[in-house]
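The values are calculated or read from the model by the stated rules, or taken from the named source; none is laboratory data. Model, not experiment: these values are computed from the prediction. Positions of Cβ are backbone-derived with ideal geometry, glycine not excepted, and every protein chain shown enters the neighbour counts.
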Amino acid sequence: MDEESRKIQKMGLSSLGVSLPKDWATALGLEPGSSVELSREEDGSIKVSVPDNKLRQVPGCTIRLEGCGEPGVLERVVIGNYLLGRDSIEVKSKSAFPEWAMEEVYDAVDRLTGVAIVEQASRSVLVESFVEPTRFPVRGLLRRLQYLTQRMVVISFQGIAKPTLEDRENLDRLEEEVDRLYWLVTRQLMAAATSKHVGVQIGETDPRHIAGDMLVAAMLERVGDVAVSLGSLSEEVALELSRFPDQFSKSFLSAGERVQALARETMEAFFNGDVSDSSSVIDAVRNTVEECQKLSISLPVGADPDSRYCTLCLQLRTAIGSLSQIAEYYGTVAHVALNRALEEASEVCEPRDVHP
């Protein structure tokens with residue numbers, strides 16, 4: 001909790017006053033003439049708070065459709081405004097609202113949490129977000145994102161041993177949920193960066209943590225994307241492994257198991273804030289990437305018709321590359337975990353002030 005001392009000043013004939021911190025007032029949208037509420041606490045202190053109706057003011061924007069002519073632009077602009085915390089997003093057109101634009105609005109709404117089209121006219125569409133920022137602490141959202149992406153890694157690799165249509169459908173469903181959750185985490189972190197009130201409520205008050213959590217969320221979202229790509233290759237990879245020597249197949253499956261272990265160990269180190277565990281994960285990531293490189297190099301190159309490996313090695317090499325990518329993404333998370341663990345005193349490191 002930030003503390004500071006301020007002098008009491010005499011105001012008028014009978015009142016006393018104390019100035020409010022400017023950054024606090026700005027973050028809550030207060031200005032000269034705004035009202036605040038004072039409540040006397042049992043310990044004798046006075047609590048200054050902002051009326052609920054002030055905190056509930058809805059930020060919004062108007063999107064001019066004529067500026068979003070290229071395919072995909074409108075969808076990205078709607079999502080971008082959602083990330084900026086704008087709860088009321090109106091899309092206006094000078095002429096009749098075209099079908100392609102309506103489809104892009106629908107696509108954007110489907111990818112976001114707590115968003116709906118609440119009004120539609122011949123030349124406009126109104127999108128509203130019903131997400132209350134203070135109800136979604138970032139730490140809980142990151143744990144959910146970790147669980148979903150870790151599950152995707154497991155499913156995609158299990159599909160290599162026994163590919164099924166159900167696995168593919170589960171991956172597609174999980175990918176959609178991961179995307180929605182990633183956008184929500186990003187929105188929450190951007191809200192914390194611009195509002196101290198929101199930051200306190202969702203546990204994001206340190207600018208370093210906001211930046212770090214943003215990076216972690218991005219890495220986990222990419223893990224999910226690569227897991228989907230790996231899952232799409234499961235049938236081809238399973239076919240190829242049966243044509244390779246047992247030693248190669250064992251090495252490939254071992255690399256996959258190590259990546260699955262990394263998913264668990266990395267996030268445990270991140271949430272526990274342990275320097276030693278984070279460092280161990282970084283070493284494990286480096287070893288896993290090196291092993292994947294060796295596996296990829298051992299594959300034959302070319303399309304020799306007399307070779308029993310033929311060109312199917314392409315899918316297997318892609319799958320090995322996917323495992324290496326996932327490991328590197330977890331390596332980035334492990335570095336964030338290590339740096340964050342160093343912020344506090346531990347057996348490894350004790351911060352101290354240096355005076356010139």
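In table form, for the structure just shown:
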{"quantity": "Where a residue in the stretch 312-324 is closer than 12 Å to ILE297 by Cα and its partner, wherever it lies, is charged (D, E, K, R), with Cβ under 6 Å and at least six apart", "calculated": "LEU316/GLU240"}
{"quantity": "Single match in VAL118, VAL178, VAL131, VAL138 (criterion: modelled with pLDDT of 90 or more, over 14 Å from the mean Cα position of the chain (by Cα) and among the β-branched types (Val, Ile, Thr))", "calculated": "VAL118"}
{"quantity": "Filter result for PRO59 (out of contact with any helix residue (DSSP H, G or I) (no Cβ under 9 Å at 6 or more places or on another chain), modelled with pLDDT under 95 and under 30 Å from TRP100 (Cβ atoms))", "calculated": "yes"}
{"quantity": "Residue ranges of helices (runs of 4 or more DSSP H) in the stretch 191-274 with at least 3 members closer than 22 Å to GLU344 by Cβ and in contact (Cβ under 8 Å) with a residue 12 or more places away in the chain", "calculated": "207-232, 246-272"}
{"quantity": "The stretch 1-38: number of residues that are over 34 Å from the mean Cα position of the chain (by Cα), not in a loop (DSSP other than H, G, I, E, B) and not polar (S, T, N, Q)", "calculated": "6"}
{"quantity": "Restricting the stretch 24-42 to residues that are of a type outside the set (Gly, Ala, Ser) and exposed (fewer than 10 other Cβ atoms within 10 Å of the Cβ), the residue that is farthest from GLY199 (Cα to Cα)", "calculated": "GLU42"}
{"quantity": "Residue ranges of strands (runs of 3 or more DSSP E) in the stretch 84-178 with at least 2 members without any contact (Cβ under 8 Å) to a residue 12 or more places away in the chain and not assigned by TED's automatic domain parsing to the domain that holds GLY224", "calculated": "115-120"}
{"quantity": "Matching entry among SER35, SER15 (being out of contact with any strand residue (DSSP E or B) (no Cβ under 7 Å at 6 or more places or on another chain) and modelled with pLDDT of 80 or more)", "calculated": "SER35"}
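So that you can scan it fast, the table gives a plain yes or no per residue for (1) modelled with pLDDT of 90 or more; (2) not assigned by TED's automatic domain parsing to the domain that holds ILE155:
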| site | (1), (2) |
| --- | --- |
| GLY302 | no, no |
| CYS313 | no, no |
| LEU316 | no, no |
| GLY321 | yes, no |
| THR332 | yes, no |
| VAL336 | yes, no |
| PRO351 | no, yes |
| PRO356 | no, yes |
